[in-house]
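K.L.:
Let me begin by handing over the structure; questions about it come next.
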Amino acid sequence: MTNERQRRCAPPIGVTLVELITVIAIVAALAALLVPVLSQARKRSLSSTCVSNLKQIGTATAMYIADHDEHMPNGCGTMLALSERPFYPRVKQQLLPYVRDDRVFTCPADTGTEVESTGYAASRCGDSCQRMTGTSYDYFWDGLYPSTYVYMSEDTESANKALFWDAGGHWHSGAPAARMRDGMDSWLQIAPKHTYNVLFWDWHAKSGVTDKQFRDAYSG
């Protein structure tokens, strides 16, 4: 009788529906808080890897310059490789002897882009600029007068001039890609939201360069 009475008085074993719903709600709330944090952490990680790539490319470029009588590498990056001048030499090929791993030419956030080349129609590089052109980065080189490209080590504006940069401004900004086929108005609305990782002529690399800052650095 005693055991029977204890069994009747014992609390029920298991989880009630209310308790289960409460646990699920708590887990969902925690997930909602963590997902944006983890997403931002991943973006920062990709951007850090990209900046590291640019610094290594900068080191390779400096070594190239030292070996070639202060002349800059004679080759193009993504933009001209996608334009109607595919016969131009590629800067990656010029720098390969100076890097340990050619993966430094691949931005981990590279999802392709549309490139507007002056005087030519916009060109697309699908879902990866690296797979189509061999590099994720563009380079300050117009292919017209390579023999005049002498590195000016005493240039006081070198810290403000872009040398290498992401081919796609949407890769790290979170903004959508600006596509010429959507019209110039769409391009002008989206492009200012883009940011770039940039290697400057004085060999320092910087992340989060705004579209305006980048254009000033490119034209400077």
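K.L.:
Can you say whether V35 is surrounded by fewer than 11 Cβ atoms within 10 Å (Cβ to Cβ), farther than 16 Å from T135 by Cα, modelled with pLDDT under 80 and not charged (D, E, K, R), as far as the supplied structure shows?
P.N.:
Here the answer is yes, as V35 does meet what is asked.
K.L.:
Using the structure shown, decide if L144 is aliphatic (A, V, I, L, M) and at pLDDT 90 or above.
P.N.:
no
K.L.:
Still on this structure, please answer the following. Hey, does region 62-69 have a residue that's more than 27 Å from the chain's Cα centre (by Cα), at pLDDT 75 or above and outside any helix (DSSP H, G or I)?
P.N.:
Checked region 62-69: at least one residue is more than 27 Å from the chain's Cα centre (by Cα), at pLDDT 75 or above and outside any helix (DSSP H, G or I).
K.L.:
Could you tell me whether F164 is part of a strand (DSSP E or B), surrounded by 15 or more Cβ atoms within 10 Å (Cβ to Cβ), modelled with pLDDT of 85 or more and not charged (D, E, K, R)?
P.N.:
yes
K.L.:
Please go through region 73-94 and pick out each residue that is open to solvent by less than 10 Å² (accessible area, probe 1.4 Å), within 18 Å of T59 (Cα to Cα) and either among the β-branched types (V, I, T) or modelled with pLDDT under 85 (or both).
P.N.:
Within region 73-94, G75, C76, G77, V91 qualify.
K.L.:
Out of all the residues in region 199-210, is one or more surrounded by 13 or more Cβ atoms within 10 Å (Cβ to Cβ), farther than 30 Å from A62 by Cβ and either among the polar types (S, T, N, Q) or at pLDDT 90 or above (or both)?
P.N.:
No - not one qualifying residue is present in region 199-210.
K.L.:
Which residues, taken from region 95-141, are modelled with pLDDT of 90 or more, touching a Ser or Thr at 6+ places or on another chain (Cβ under 7 Å) and farther than 17 Å from L163 by Cα?
P.N.:
Those that are modelled with pLDDT of 90 or more, touching a Ser or Thr at 6+ places or on another chain (Cβ under 7 Å) and farther than 17 Å from L163 by Cα: P108, D110.
The values are calculated or read from the model by the stated rules, or taken from the named source; none is laboratory data. Because the structure is a prediction, the values reported are computed rather than measured. FYI the Cβ positions are ideal-geometry reconstructions off the backbone, even for glycines, and counts take in every protein chain you see. Surface accessibility is based on the protein's heavy atoms, side chains included, excluding ligands, DNA and RNA. Shrake-Rupley method; radii C 1.70, N 1.55, O 1.52, S 1.80 Å.
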